[in-house]
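Down below is the structure, laid out as structure tokens.
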Amino acid sequence: MMKAMIKTVKSTALSLSVAVVAAGPVMLSMPTDVFAAGGGAALESPRIDTSNKRSLQRGAKAYVNYCMGCHTADYQRYSRLAKDLGLDEQDVVDNLVFTTDKAGEQTKVGSLMFSNMSEDYGRQAFGVVPPNLALTARSRGEDWIYTYLKSFYRDESRGGIGVNNTVYPGAAMPHVLWEQQGWQEPVYEGEGDKKHFVGFKQVTEGTLSTQEYDALITDITAFMSYMADPIKHTRHRIGMFVMLFLLVLTAISYFLKKEYWKDVV
Ligand code: HEC
């Protein structure tokens, strides 16, 4: 009776750890961008490397310069950014903090990355409040953001900002990087129902070449990807330890079971 109970307990423990080890890789390989939303146009996949600190630093710089005038990223703290990107806090204060707090003082390094645009102003100027971008890399996906940033074109029919976007048609955002990219126009093929977008033609040159512009928006996308999941690399590292631990545990459980049962059967 006692033996039978021990047997059940042991074999349950063993099959549990085997199940966990077997299910681990399945869970790890689950796609993270199942909710990524597309906008009709084909999306490009940039080579994002969030372990490349240089790329993240360039992305952070571009982000505070070109995006934070309108967009908030208020889950992210400057001090955390300094630590994760390998920057000195004073460097961050000197080079990346351009906003002020309620008292009109320069924003402190421990605060969140708020923009200084009020919601009312945003609504008046653009019709919508520019969204918080801290988690956009998760909701839209990296490919969407990257392709969105290279798909603005002039569209006189839109009045107002006079700009449209093939990835997000009707977007209320101006082409903030037009000086860098220059202007392009969409090329369509086919007539009527068959009319479809095939690509862009450069109309005026920007200050950056196409490769340089792509590199710039890759860095911005990488930075947004980091913001959406700042502990990704730590999590992966811990995950590896957990898997290793479970493997070792499985081996120990197996030999323990053999040891217990060697005289019985
Ligand atoms: C002049 C203000 C302004 C600036 C500067 C600006 N944006 Fe926007 N952005 C907007 C507005 C307004 C929207 C909302 C568009 C809509 O929903 O129609 C938007 C939307 C977006 C979206 C889509 C978010 C979503 O999930 O719908 C992304 C991504 C984005 N911006 C990225 C950027 C990046 C990256 C930069 C810097 C390179 C930037 N924006 C700079 C005004 C701005």
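The values are calculated or read from the model by the stated rules, or taken from the named source; none is laboratory data. Worth saying up front: this structure is predicted, and the values here are computed from it rather than measured. Here the Cβ positions follow ideal geometry from the backbone for every residue, glycine too, while neighbour counts run over all protein chains shown.
Any residue in region 173-183 that is among the aliphatic types (A, V, I, L, M), assigned to a loop (DSSP other than H, G, I, E, B), farther than 15 Å from residue 66 by Cα and within 15 Å of the ligand (Cβ to nearest atom)? Taking every residue of region 173-183 in turn, none turns out to be among the aliphatic types (A, V, I, L, M), assigned to a loop (DSSP other than H, G, I, E, B), farther than 15 Å from residue 66 by Cα and within 15 Å of the ligand (Cβ to nearest atom). Among the residues in region 99-108, are any in contact with a Lys or Arg (Cβ under 6 Å, 6 or more places away or on another chain) and not in a helix (DSSP H, G or I)? Checked against the condition, which is being in contact with a Lys or Arg (Cβ under 6 Å, 6 or more places away or on another chain) and not in a helix (DSSP H, G or I), region 99-108 yields no hits at all. On inspection, residue 86 qualifies as in a loop (DSSP other than H, G, I, E, B), away from the ligand (no atom under 15 Å from the Cβ) and under 24 Å from the mean Cα position of the chain (by Cα). Screening residue 148 on (1) modelled with pLDDT of 95 or more; (2) in contact with a strand residue (DSSP E or B) (Cβ under 7 Å, 6 or more places away or on another chain); (3) surrounded by fewer than 17 Cβ atoms within 10 Å (Cβ to Cβ) shows it passes everything except condition (3).
Taking the criterion of being of a type in the set (Gly, Ala, Ser), over 20 Å from residue 112 (Cα atoms) and in a helix (DSSP H, G or I), the only residue of region 44-73 that qualifies is 55.
Taken together, 158, 154, 123, 140 contain a single residue that is surrounded by fewer than 20 Cβ atoms within 10 Å (Cβ to Cβ), among the basic types (Lys, Arg) and within 10 Å of the ligand (Cβ to nearest atom), which is 123.
Please specify each residue of region 173-199 satisfying the condition of being aromatic (Phe, Trp, Tyr) and modelled with pLDDT under 95. Of everything in region 173-199, those that are aromatic (Phe, Trp, Tyr) and modelled with pLDDT under 95 turn out to be 188, 197. For region 57-75, the criterion of being under 14 Å from residue 228 (Cα atoms), more than 13 Å from the ligand (Cβ to nearest atom) and surrounded by 14 or more Cβ atoms within 10 Å (Cβ to Cβ) is met by at least one residue.
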